[in-house]
Amino acid sequence: MTPEQQTQLWRSRDLKHCWHPFTPQSIWGKESEMLFIESGEGVWLRDSLGRRYIDGNSSIWVNIHGHAHPRIVSAIAAQAGKIAHSSYLGFSHGLASDLATRLCSYFPKDTLSRVFFSDDGSTALETALKMAFQSWAQTPGEEARRSFVAFNNCYHGDTMGAASLGGVANFFDKFKGYGIPVHHATGMADLHALSQDERASIAAIVIEPIIQGVNRMTPWPKGMLLELREYCNDNNIYLICDEVMTGFGRTGKLFASMIEGVIPDFLCCAKGLTSGYSPLAACLTTESIFESFLGDYSENKTFYYGHSFTAHPIGCAAAMASLDIFEEDQVLENLVPKIELIAQLAQQLEQSSPYVRAHRQVGMILGIDITRADGSPYLQNERAGEKACVAMRPYQLLTRPVTHDTIVFMPPLCISEQEIRQAFAAIEQGISDALACMPS
Ligand SMILES: *Cc1c(COP(=O)(O)O)cnc(C)c1O
């Protein structure tokens, strides 16, 4: 079979039997070519027809050190050769002990000192929600803390609990009324306006620290996270930081919370934990929360929660190798000039492209807003962002928009300055090719 015939066969099988996430299946594969990604190396992806592309959104925000990194690949292979999966329920394994110890070592002693493993971002958030809820239920005098606060337009995952936090109307409105009770706040002012009674009913406040992702890559005002930490301290409310997108160097620090020196009561990480090589998540928490689950067997304080693949050994092996690379290659130190270059090129793009009106950047995360040349916004059903991203493919860049008109550029941290320049040229060309032929 030629690569063309093979691709056609996969395409017809996909159309017949597959169902893609967040995808209107009625138009899937009809308006733009269905790409089959077959391999990758560093920031480059290769499709089944041999074409190469820069991975402009780190394969949906997960990849950190590039694809097929020899060090991570050999760690995974070595682990798979020993044992691919063993149960963390009733047994333990060494890599999980080492990884938990290492994750806690990034935080001051006596702060985040316990790690609960799960599979992905959503289940890391479920873990934090359930732990927060049950912890208060087992704390005399605090049993009334049963509700959660999240922020408008936030995104915390798609399982029912994580989705009840979600503030993006398009995704979550159909499920309104299901899931857990959540109060949505726009910012600190709303929290300060809550009565003492309301504050005393809150188990935890959940935030994407420093920058909201799905909400068009929108940074919070400077100092807001620190103010939120103080608010939580003053009102005896747990703070849950969802670092699923921001963790592992994406913002220039290992974790975004570190930018304001904030330590949450729960820190959830997933996507980049394994450098995106394998699904694995971790929810870090404090010793005092851990202790609220201790007691006589008869008190029934156990955290009855977990998944088949908890602390998956292959994920743990990948995560350890990824953290080694951070140290040995001084990844965070080497990001500084790249972050500056992205800032400079984003500024230039905003000046030179008639379709770019604004951009927002935190570290290696960039959102670029597109409009019509006269500055008027595109409507959601025009799908301008999607069309612009498809038009970037011939210029060797793959990425996706968030909402309908914000282009995301969030490459693997290993991208070179040369490749960053190449990616920006593709972004500018793709935007102008696609939008020039859209109705004004
Ligand atoms: C992706 C993401 C999640 C959900 O993670 P999954 O692994 O897709 O379940 C949660 N929170 C944030 C901030 C994310 O970016």
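The values are calculated or read from the model by the stated rules, or taken from the named source; none is laboratory data. In this text, all values refer to a predicted model and were calculated from it rather than measured experimentally. Note that each Cβ is placed from the backbone with ideal geometry, even for glycine, and that neighbours are counted across all protein chains shown.
For segment 256-269, does any single residue satisfy the condition of being of a type in the set (F, W, Y), within 15 Å of the ligand (Cβ to nearest atom) and within 13 Å of M364 (Cα to Cα)? No, segment 256-269 has no match at all.
Condition check ((1) outside any helix (DSSP H, G or I); (2) touching a Gly at 6+ places or on another chain (Cβ under 7 Å)) across all residues:
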position	(1), (2)
L335	no, yes
I339	no, yes
A346	no, no
Q351	no, no
P354	yes, no
K387	no, no
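For every residue, the table says whether it meets (1) within 16 Å of the ligand (Cβ to nearest atom); (2) within 24 Å of F309 (Cβ to Cβ); (3) outside the structural domain of E243 (by TED's automatic domain parsing); (4) not hydroxyl-bearing (S, T, Y).
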residue	(1), (2), (3), (4)
S122	yes, yes, no, no
E126	yes, yes, no, yes
K130	yes, yes, no, yes
A137	no, no, no, yes
G141	no, no, no, yes
F151	yes, no, no, yes
H156	yes, yes, no, yes
M160	yes, yes, no, yes
L165	yes, yes, no, yes
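Any residue that is farther than 21 Å from A128 by Cβ, touching a residue at least 12 places away in the same chain (Cβ under 8 Å), within 16 Å of the ligand (Cβ to nearest atom) and not assigned by TED's automatic domain parsing to the domain that holds R400 - is there at least one of those in segment 219-230? Yes, the conditions are met somewhere in segment 219-230. Determine whether segment 72-79 contains at least one residue that is over 30 Å from S39 (Cβ atoms) and aliphatic (A, V, I, L, M). No; the residues of segment 72-79 include none that is over 30 Å from S39 (Cβ atoms) and aliphatic (A, V, I, L, M). Condition first: under 21 Å from S432 (Cβ atoms) and assigned by TED's automatic domain parsing to the domain that holds M410. Can you find one or more residues in segment 325-344 that meet it? The answer is yes; a qualifying residue exists.
Here's a check for you: in segment 220-268, which residue that is of a type in the set (S, T, N, Q) and part of a helix (DSSP H, G or I) is nearest to H192 (Cα to Cα)? Let's see the steps before the verdict.
Of segment 220-268, the ones of a type in the set (S, T, N, Q) are 233, 235-236, 246, 251, 257.
Now drop any that are not part of a helix (DSSP H, G or I), which leaves 233, 235, 257.
Values: N233: 13, N235: 11, S257: 21 Å.
Here the residue is N235.
Within segment 187-219, the residues that satisfy the criterion of being in a loop (DSSP other than H, G, I, E, B), touching a helix residue (DSSP H, G or I) at 6+ places or on another chain (Cβ under 9 Å) and buried (at least 17 other Cβ atoms within 10 Å of the Cβ) are L194, E208, P209, I210, G213, V214. Evaluate the following for V402: is it closer than 29 Å to G276 by Cα, surrounded by fewer than 17 Cβ atoms within 10 Å (Cβ to Cβ) and aliphatic (A, V, I, L, M)? Here the answer is no, as V402 does not meet what is asked. Of all residues in segment 387-425, none satisfies the criterion of being free of Cβ contacts under 8 Å to residues at least 40 places away in the same chain, under 25 Å from P219 (Cα atoms) and among the aromatic types (F, W, Y). Only one of the listed residues (V43, V73, V62) is more than 16 Å from the ligand (Cβ to nearest atom) and within 21 Å of I342 (Cα to Cα). That residue is V43.
Which of the residues belonging to segment 392-427 are within 25 Å of the chain's Cα centre (by Cα) and in a helix (DSSP H, G or I)?
Answer for segment 392-427, where residues must be within 25 Å of the chain's Cα centre (by Cα) and in a helix (DSSP H, G or I): R393, E417, E419, I420, R421, Q422, A423, F424, A426, I427.
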